[in-house]
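All of the numbers you see were taken from the coordinates with simple rules; none came from a lab. In this text, all values refer to a predicted model and were calculated from it rather than measured experimentally. All Cβ positions, glycine included, derive from the backbone under ideal geometry; neighbour counts span all protein chains shown.
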Amino acid sequence: MSPIGYRYFSNNPNNKPLCYNCNLGNKKYNLISTSVDDCCQEQFNENKFKNLKSPDYAFQNDVVPRINAYNKKNYKTKNII
């Protein structure tokens with residue numbers, strides 16, 4: 001993706017933004033095992049992607065923070081006594 005300012009990006013087809021969960025549809029949101037594709041415009045359709053508030057954009061080096069957020073949300077931590 002080629003940014004133009006802080007909120008806008010180039011409409012050049014070679015530089016489309018990439019998103020996760022392109023094949024999601026009405027299925028459950030999948031944070032970890034999902035592919036990256038250029039379906040960001042489709043994810044604005046609230047009827048097809050009811051589980052997403054906005055497109056699930058993919059950013060450079062965002063895999064580890066996504067996994068950490070998933071683990072923090074879904075697994076309990078051990079407290080040392």
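Below, the figures for the structure above:
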item: Neighbour-count ranking [beta-carbon atoms within 10 angstrom, fewest first] of Y6, Y57; result: Y6, Y57
item: Sequence of T34, T77 once ranked by neighbouring C-beta atoms within 10 Å, starting from the fewest; result: T77, T34
item: Difference of contour (0.36 nm per residue) and Cα-Cα distance, S2 to F59; result: 19.3 nm
